[in-house]
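Here is the structure we will look at, set down as structure tokens.
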Amino acid sequence: MSMNIRALPGTRVRFSGKNGTDGDQEHAQKFLSINGIYTVNRTQIHGFHTDVWLVEFPEEKFNSVLFEETL
């Protein structure tokens, strides 16, 4: 299940290593481990995508399609 684009700060998400553009994947894999669990700092919804900032990497933004919600 993909992550909720309206996820509240503190929500835990898993980097799936799937979806997104090649550029999204290349950028994410510089910082994130596949199946790694991360904490949402904030999201910003745009017309065709949603940016996600993580507590662990506050200066980097990622495409929300790269993440799945954790239970």
Any chance residue 64 is in contact (Cβ under 8 Å) with a residue 12 or more places away in the chain and in contact with a Phe, Trp or Tyr (Cβ under 7 Å, 6 or more places away or on another chain): no
Members of region 35-52 found to be more than 17 Å from residue 19 (Cβ to Cβ) and not hydrophobic (A, V, I, L, M, F, W, C), listed by number: 39, 41, 42, 44, 47
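Only the coordinates and a few stated rules stand behind these numbers; no lab work does. Source: prediction; values computed, not measured. When we count neighbours, we look across all protein chains shown, and the Cβ atoms used for this are built from the backbone with ideal geometry, even at glycine.
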